[in-house]
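So the structure is just underneath, and the comments pick up after that.
The values are calculated or read from the model by the stated rules, or taken from the named source; none is laboratory data. As the structure is a prediction and not an experimental result, all values here were calculated from the model. We place every Cβ from the backbone using ideal geometry, glycine too, and count neighbours over all the protein chains shown. Accessible surface is based on the protein model in full, side chains and every heavy atom, while ligands, DNA and RNA are left aside. Shrake-Rupley method; radii C 1.70, N 1.55, O 1.52, S 1.80 Å.
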Amino acid sequence: MWARIPYSAHVYLHLKDPVSAQTESTHSTNYSHRSDPGSHHNPTPMEPPSTPGQMEMDQTVENVETALYQLYFDPDMAQKDIAQKWLTQAQASAQGWQWCWALLGSDKIPEVQFFGASTLHIKICRHWSDLPTEQHETLRMQLLSQILQFSAGPKMVRTRLCVALASMALNLIPHVWSQPVVDIVRAFQPQKQDSEGGCSAEVSRDPQSHCLALLELLTVIPEEFLSSRLAPARRSQLREALTSEWATVCPMLRQLLQSQDSSSLVKEKVLHCLSSWVGLDVSLGESQELVQDCFSTLSNPQLFDSAVETIVTVISQPDCQRYIDALLSLMPLVLGLYDQLKTAAQGGDMETSHGICRIAVALGETHSRVLLEQLDHWQEYLALVNMILFCSGIPGHYPVSETTSSLTLTFWYTLQDDIMSFEEEKQAVYLQVYRPVYFQLVDVLLQKSHYPSEEEYASWSSDDKEQFRIYRVDISDTLMYVYEILGSELLSKLYDGLGRQLMDPQQSGVWQDTEALLFGFQSIAETIDVNYSDVIPGLIGLLPRINISNLMLADTVMYTIGSLAEWLADHPVMLSSVLPMVLQGLEKEELSVSSVSTLKRICRECRHNLSPCAQDILTVSQTVLLKNLHKSSQCMWLMQALGFLLSALPAEEILSGLHSLITPHIQQLDALAHQEPNASNKQSIMHILGMLSNLFSTLDISTHSEVSEGAASLRLSPSQRPPNPVVVVLQQVFPLIQTILGKWLCDSEVVEAVCGVFDKSVRTLLYDFGPMVPQLCEMLGQMYGAFPQASALNLARQMVHIFAGEEHHLSDIKGLTKVLTSATLALFQQGLRDHPDIVESFMYLHAQILKRKPGLYHSDQLDVEALFHCGIQAIKFPETATVKAACLFYTEFLNRCKDMPLLAADLQKDGKLLTETVIHAIAGGSPRGATEPFSDVLLNLNRHCPALLPRWLNESLQAAGFPAAQVSAEQKQSFIQQLLREQTNKRRMKETVMEFSQLCRGLQGSGYSKY
């Protein structure tokens, strides 16, 4: 009856979620059926206080119960919240030590009892120091007594009491309570009726319940230890003390597991208990017989899952390798499961085959190297490897009819990695033994990568299809590792198989077989250099023979061709064999991703050899773009591909090809620009602008110049060079872009898309973009002045980066900088809290100015003091990216102070403010993820202001409670001294800052301190 709300009070009181509390309470809206009549003084479901004010009452047992009933059963969420807060405070109070015992009374409902047990656990965990030492023994005896009384249930109460006693043991080990396990086991021993202690009679009445309670208590002790936050020295001390008690636990567990009188429930608890203690790194040598006994429980269907979990947990401990003999003793037991594995696989018993496979893989993978080194037992390990090979090829399609084979894939990597790590002589011996296994593995993996029939595949859910896709990626990775063992022979094996499929009429020619072989080729060619393979020409010759009417086969053909793009660049004569297939695929919407990505790879790698077929590529691409066959992302990839293609055409053909390609889209953009803004138009405009951005991002004629005309043309001045085709096009469409901005200026996404066109062009063309600088600077200034947006600042930063050093562009850059800075400073006056992106971009812009052209700061047009204070405000933003940008600005600012008196004067004036702001941010004013960049600011302050920084630090940190109340004056002085010692070592400065940050945030020594 109580299983419906397990651990409910624990959830309420620790998560503090009143919504969850209301949801939970719906399971038990009527109290009357939950306890025997007359068992409690409350005759009704609840007696909550009538007003919130009445929650401010004494912490008596009755009041606590009243609050609990209100928490569980009151439908009013406000009342639940009040009760929850009051109960949380009650748990933290000193009175909690007293009233918690009353809540454990047998006349209470389980939820009330559970709250009492939870309170005990919380008091022991968090308020242990409040309990006088002389009461420790009494508490221990009371807890043991209560656990015995609740041994028959409710389980949630018994478990919480066990956890409380485990927490107490951790507080007292080893000096006060040297052998808690021994004492606990003794306390649970059956005794005569007239022996001391009121609990012994209970023991004799229900031995199984008490046995289960004892096992649960022994299970939670290691779990509580592993989940507790402890100092390293204390953790080591406790681990040693607990491990020494394994000698008491292990024989008892073995006795219970072997006993015919033990029920399946008891044996299951034994298995869980062993798993728990294994987490303490107990010796396999001491546990060997117990682990062997666990294998016998695999024949019991009720215990199979628990036995598998336990055996895998034990075997997976790396420390087992210290006990070679014990490890080897497990090998026959694992191999003895082979027949059971085969039977399960043939009968479609997925659970059994899955579990046995987990055991075999755990042994073979975790201890691969040490088992390889046992030369006297090589046949046993080879048998284990073949057992895992069987698991890899288990019948059925993953993940629909089997889920076992995926467990084995990492094993094959581990085995090959260990074999290849041996010295050459040993390696040769192992290869002789295991190469045949890896050849078999290739056949197995290719078979497992087979698609099902089209009808069956269509019936799969989208989740199954995605899991199968990931599974094939894992197989692809495994084949790459297999190549390390088999080398070029693997490619020859795949080629021979494909040749038989396509050339021999006797072969069935099932498309899945062909697809799997191509998939194998692609898997290797994606990551391994196959340029020197002698089978690739034959493969290229076979590809046109493949009928790509099946879409899944066609997809793999496309990806295989793409994986060979670098090889084709070195063997351009073979392009004519495969390019028609790619263009054919490009015209099929279903092959959009594979065909477009393959064409992009070919155009990137083989661009200088594509002139003879360039017109065909352009024609087909234009057709599919105008037909809207592909999704937006594929259109972007296709434009990148065409940018690569156009880059390598003769100079006189580039502009004509460019015009031919984009004219239909520019015409469409012109029509859209003159329509009233709406959502549909917006998407179309952004799509076309995105295509232009992607085209210009790869259309780089500098590579063409290097190939066709030599590097001499690059030495010409910008005025002597012929106009860049991209610049010609941009100048032609510039009025159209201005028209678009006129209607869409307030839409940040459209503005970002416009800026993206120019940003990609600037990055690609570099100085060749020069003719566009004057009009773009003017447009950016007007655009930002009317409606400030981060994308305009980002584009301006690129302009500064490239053109600030060009004398003939300096006036344009200076004017743009002035307009952007003035507009942003005005925004800071109004408040930019809701626009952290603008602040971030502004900081990065001025960091770039200081780095590339600090002379702009000599101008009267830039208010240096105002910029300095903008940085101060930016540091206080909660967004990590904004804080990092501000830190970069100050880093560059400080680096320039030595050479620029204007900056130095401002630093002397406001340096203390900067220091205080940085210290406050480190102490918790900024996100922890942004702490590191402040070390660069402090390092540069120390480097450039060695005389002033000590005074600023001392004046800032002398204030009581600054930057954090928990930091003492001595700790502040230590921080100052460590900081002032570092002027060059960034790593030490970072460590000093991080340690002080953790100290201020109260995280020093906690588990969070590393993150």
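General observations
- Long pairs among 853/876; 588/631; 898/990, criterion Cα-Cα beyond 21 Å: 853/876; 898/990
- Contour minus Cα-Cα distance for residue 350 and residue 570 (0.36 nm per residue): 74.3 nm
- Over the chain: helical MRE at 222 nm, DSSP H runs n ≥ 4 each giving -39500 (n - 2.57), nearest 500: -22500 deg cm²/dmol
- Violating pairs (Cα-Cα greater than 21 angstrom) within the set 155/267; 342/448; 342/493; 627/682; 909/986: 342/493; 909/986
- Cα centroid of the stretch 332-351 to Cα centroid of the stretch 610-689, whole Å: 59
- Over the stretch 537-598, all Cα pairs binned in 5 Å intervals from 0 give whole-percent P(r) values of 4, 20, 35, 25, 13, 4, 0, listed from short to long.
- Taking the 1.4 Å solvent-accessible surface of the chain as the whole, the part contributed by carbon and sulfur is 50%.
- Cα Rg over Rh - the chain, Kirkwood: 1.03
- Centroid-to-centroid separation of the stretch 361-418 and the stretch 141-181 [C-alpha atoms, Å]: 42
- Euclidean distance between Cα centres, the stretch 831-897 to the stretch 931-964, Å: 19
- Building the convex hull from the alpha-carbon atoms of the stretch 561-680 and averaging its projection over directions returns 7.8 nm².
- Folded to 0 to 90 degrees: helix 592-606 orientation relative to the chain principal axis, Cα: 60
- The listed residues 60, 352, once ranked by accessible area (1.4 Å probe) with the largest placed first, stand as 60, 352.
- Reachable aspartates and glutamates from residue 108, criterion Cα separation under 17 angstrom, eight or more residues apart if same chain: 36, 47, 62, 65
- Reach of residue 85 by Cα under 21 Å, taken over lysines that are not fewer than 8 positions away in the same chain: 16, 123
- Cα-based convex hull, the stretch 816-889, per residue volume (Å³, whole number): 76
- Per-residue extension of 0.36 nm, minus the Cα-Cα distance of residue 986 and residue 339, leaves a gain of 226.8 nm for this segment.
- Over the stretch 342-547 - Rg/Rh using Cα atoms and the Kirkwood inverse-distance radius: 0.98
- Accessible-area value, residue 851, 1.4 Å probe, nucleic acids and ligands omitted, Å²: 120
- Cα shape, the stretch 273-334, gyration tensor, a/c 1.5 rule: oblate
- Shown here for the stretch 430-521: chymotrypsin sites (Phe, Trp or Tyr not before Pro) in loop regions (DSSP other than H, G, I, E, B) with at most 16 other Cβ atoms within 10 Å, namely 460.
- Here the stretch 451-508 yields Rg over Rh of 1.11, to two decimals, using C-alpha coordinates and the Kirkwood radius.
- Peptide packing: for 621-632, 757-768, the average count of neighbouring Cβ atoms within 10 Å per residue gives the ranking 757-768, 621-632, highest mean first.
- Packing-based ranking, highest mean first, of 143-152, 178-187 given that Cβ atoms within 10 Å are counted: 143-152, 178-187
- Toward the positive end of the charge dipole of the chain, with +1 on the Cβ of Lys and Arg and -1 on the Cβ of Asp and Glu, the farthest Cα among 156, 243, 841 is that of 841.
- Cα-Cα pairs of the stretch 807-938 separated by more than 23 Å (percent): 29
- In terms of the mean number of neighbouring beta-carbon atoms within 10 Å, the peptides 317-324, 230-237 order highest first as 317-324, 230-237.
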